[in-house]
1. May I have the convex hull volume per residue, in Å³, for the Cα set of the protein assembly as shown?
2. Can you give the relative contact order of chain B as a percent, counting alpha carbon pairs under 8 Å and 6+ residues apart?
3. Once each part is reduced to its C-alpha centroid, what is the distance from region A:171-200 to region A:1-56 in angstrom?
4. Calculate, in whole percent, how much of the Cα-Cα pair population of region A:2-118 lies beyond 24 Å.
5. Given the options B:Asp60, B:Asp34, B:Asp85, state which has the largest fluctuation in a GNM of chain B using a 10 Å cut-off (strictly under) for Cα springs.
6. Using θ = phi - 60° and the Karplus relation 6.51 cos²θ - 1.76 cosθ + 1.60, list the HN-Hα couplings for region B:14-24 in order, rounded to whole Hz, with x at every Gly or Pro.
7. Can you give the mean number of other chain Cβ atoms that lie within 10 Å of the Cβ atoms in peptide A:42-55?
8. Could you work out the local net charge near B:Ala90, counting Lys and Arg as +1, Asp and Glu as -1, over the other residues with Cβ closer than 14 Å to its Cβ?
Amino acid sequence: MIVAEKKPIEEIIDYVKDFQKLLIAGCNECVTVCEAGGKKEVGILASALRMYFMNEGKKVEIDEVTLERQCDHEYLEEIRDRIDQYDAVLSLACGVGVQFMAEKYFSTPVFPGVNTCFMGAAEERGVWSERCQGCGQCILGKTAGICPISRCAKRLLNGPCGGSTKGKCEINKDLDCAWQLIIDRLKELDRFDEYEQIMPIKDWSTERAGGPRKVVREDVRL
Amino acid sequence: MRINYPGTIRIVRLPCTGKVDIIHILRAFEKGADGVYVVGCLEGECRFENGNLQARKRVDQAKKILDTIGIGGERVWMYNLSSSDGPRFAEYAVEMTEKIKELGPNPLKKAKEKMAA
Ligand code: SF4
Ligand code: SF4
């Protein structure tokens, strides 16, 4: 999932303090699961902002909505008939949702309510960690299902580096060395001989370094 | 056992304090409560293992939010007691009432009056 964190309320207040009618829009997908921008968080933020403005003697109307997704036209369209009532939208979706909202409702200011962090997994309740950087050329098939692009600090394709110590990465002793994990799992899978094969230089043009990316699928286009 | 506690307190019963969410605490203030306190079982004695510990975390988060928005985090507290300890329940009620009396009414009440005027 896309993992996000709630922005501090102070920062949000600063964005929206000059508006009279606000819509706080949550998203039912990733940000709900990582407890940053779902219906619950929308409710808490709306209540906090209402009280803040009232205490400041400002009359600000705040409505709440949580869309199924904010990265798809069909769900964003659900608020088209009322978007003009609002001076601004505070979107608790990931950065994708915030931008799609801003593109669709061009004349309505849209602000982000979360910091979008990474694509990751829920290790346990309240702990998420990065697993993929969307490099566009997945090499997990060669690395025992462990991604060195997102999990090795140096993104090494032929690791580990000399800093790998007792299974931990040199940048942080609480961080597993991705290459140690790869080696351990290759051994477990009885495929350690693959480790000896030098991985060729990766084509980074499919990664973000190649500029903004796009997937066009003629087979599914209408 | 008949024990008196301040009549200004409104009790909301829950099956476990683990059910308490931040939004419940915030809504109480939005509706004009001067203070909110959560009374859970003793730590380590939750029937559902960590309900009261979760409640404490939520109380702490609500405190932070209330501080940020100028209502005052010291209006929310978490108390723990053994479920059969009636006298302690009354003691906490008195203590909480004293705390809130000292802090005065929910600032939103004044703000609302001002806005209406
Ligand atoms: S190799 Fe690329 S696509 Fe595969 S998990 Fe890693 S970053 Fe993601
Ligand atoms: S210690 Fe391991 S994870 Fe860290 S930079 Fe070196 S190879 Fe990558």
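1. Working: hull volume 68.7 nm³, N = 339.
In the protein assembly as shown, the Cα hull volume divided by residue count equals 203 Å³.
2. Details: 124 pairs, mean separation 38.0, N = 117.
Averaging sequence separation for qualifying contacts and normalising by length gives 32 percent for chain B.
3. 41
4. Considering region A:2-118, 17 percent of its Cα-Cα pairs are separated by more than 24 Å.
5. Result for chain B, Cα springs under 10 Å: B:Asp85 fluctuates most.
6. Using θ = phi - 60°, the values come out as 9, x, 7, 5, x, 7, 5, 10, 4, 4, 4 Hz.
7. Details: counts 1, 5, 9, 3, 3, 11, 11, 1, 4, 13, 5, 2, 10, 9.
Per residue, the number of nearby Cβ atoms from other chains is 6 on average.
8. Working: positive: B:Arg2, B:Arg88; negative: B:Asp85, B:Glu91, B:Glu95, B:Glu98.
For residues surrounding B:Ala90, the net value is -2.
The values are calculated or read from the model by the stated rules, or taken from the named source; none is laboratory data. Since we're looking at a predicted model, the values are computed, not measured. Backbone-built Cβ (ideal geometry, glycine too); neighbour counts: all protein chains shown. Side chains are part of the model used for accessible areas, which takes the heavy atoms of the whole protein and leaves out ligands, DNA and RNA. Shrake-Rupley method; radii C 1.70, N 1.55, O 1.52, S 1.80 Å.
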